[in-house]
Each structure stands twice: as C-alpha cells, then as structure tokens.
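What follows is a set of notes on a single structure, which appears directly below.
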C-alpha cells in the first residue's frame, strides 16, 4: 500500500490468463529456506515491480480445493506492505506470463474490486487497521 494523491492505494494484479477486471493481490509459493514474510516481499517485487517494507502480518486465508481427485488444504498468509520504491508494472519479461497487468486500486474500493473472498477480507482488515491509525504510511507518500 501507499498514499498516492492523498488516497491510500493498493497494488493489485490481473493474473495472466484472467479476463480484464479480475484483480488479485500478489502472492506465491514460499521458496526453500525462505520465511513467509520474505516471500511476500519477493512476490510483490516480482509481480508488481515495486519494492516494499513489511508492516507485519494481516492474517491467513485457509481453503480447500480438489486437484487430480485429491483434496488440497491450502493456507495463504497475507502481510501489509508499505511501498518503498519502484514503478508499478515494471516487470521482468520472464514473468510476463504470470501477470497480465498491475494497477494501483483505491484502497477503499479494493474490498469490492478484488476477485477472491479471502483477499477482499484482507483488504478490509488492512483498511480497518489504517483507519485505527495502526500503521503509518506517511513515508509511502508519492514523490
């Protein structure tokens, strides 16, 4: 997240292969020897082109899906990250298949615009904490 033109905004992606209007939060698999928080920072950089600083864990989303006839239990951990530097959408060519588009979404609209329920809940949680003054994003002001 960052403050841009006086508003809080969140970096969102349209995953490769998804139609326009399908917005999601950047995320990915934890690498060998990597901590989940490090994964969050790496994935945001890879999928959006911006570097960030972690403000801490927001929570986990748990769900079950079926792949190849087997039930898979998945836990996705979300962190609130503060924009540090970089230009949204500056992605390495080798990752272009993964992300079709990156965009700043107004944070107060993100809970409505994100495609997945758990991500909408995390956006709501981040907004609630920002409104409570739990996080200071002043250093994330637009240059």
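The values are calculated or read from the model by the stated rules, or taken from the named source; none is laboratory data. Everything numeric in this text was worked out from a predicted model, so none of it was measured. All Cβ positions, glycine included, derive from the backbone under ideal geometry; neighbour counts span all protein chains shown.
Contact map, the range 51-63: residues that are at positive phi and touching a residue at least 40 places away in the same chain (Cβ under 8 Å) paired with residues that are part of a strand (DSSP E or B) and surrounded by 14 or more Cβ atoms within 10 Å (Cβ to Cβ), Cβ distance under 8 Å, separation 6+ or inter-chain. Pairs shown: 59/77; 59/78.
Among the residues of the range 74-111, just one is farther than 23 Å from residue 38 by Cβ, more than 15 Å from the chain's Cα centre (by Cα) and free of Cβ contacts under 8 Å to residues at least 24 places away in the same chain, namely 93. Taken together, 131, 62, 87 contain a single residue that is closer than 15 Å to residue 3 by Cα and either at pLDDT 95 or above or touching a strand residue (DSSP E or B) at 6+ places or on another chain (Cβ under 8 Å) (or both), which is 87.
Residue count for the range 42-55, restricted to those that are touching a strand residue (DSSP E or B) at 6+ places or on another chain (Cβ under 6 Å) and surrounded by 15 or more Cβ atoms within 10 Å (Cβ to Cβ): 8.
Count of the range 9-23 residues, restricted to those that are out of contact with any helix residue (DSSP H, G or I) (no Cβ under 6 Å at 6 or more places or on another chain) and either surrounded by 16 or more Cβ atoms within 10 Å (Cβ to Cβ) or not in a loop (DSSP other than H, G, I, E, B) (or both), is 5. Is it true that residue 138 is at pLDDT 85 or above and more than 15 Å from the chain's Cα centre (by Cα)? For residue 138, the condition - at pLDDT 85 or above and more than 15 Å from the chain's Cα centre (by Cα) - is not met. Just wondering, is there one or more residues in the range 60-68 that are surrounded by 14 or more Cβ atoms within 10 Å (Cβ to Cβ) and either under 23 Å from residue 115 (Cβ atoms) or touching a helix residue (DSSP H, G or I) at 6+ places or on another chain (Cβ under 7 Å) (or both)? Looking through the range 60-68, at least one residue is surrounded by 14 or more Cβ atoms within 10 Å (Cβ to Cβ) and either under 23 Å from residue 115 (Cβ atoms) or touching a helix residue (DSSP H, G or I) at 6+ places or on another chain (Cβ under 7 Å) (or both).
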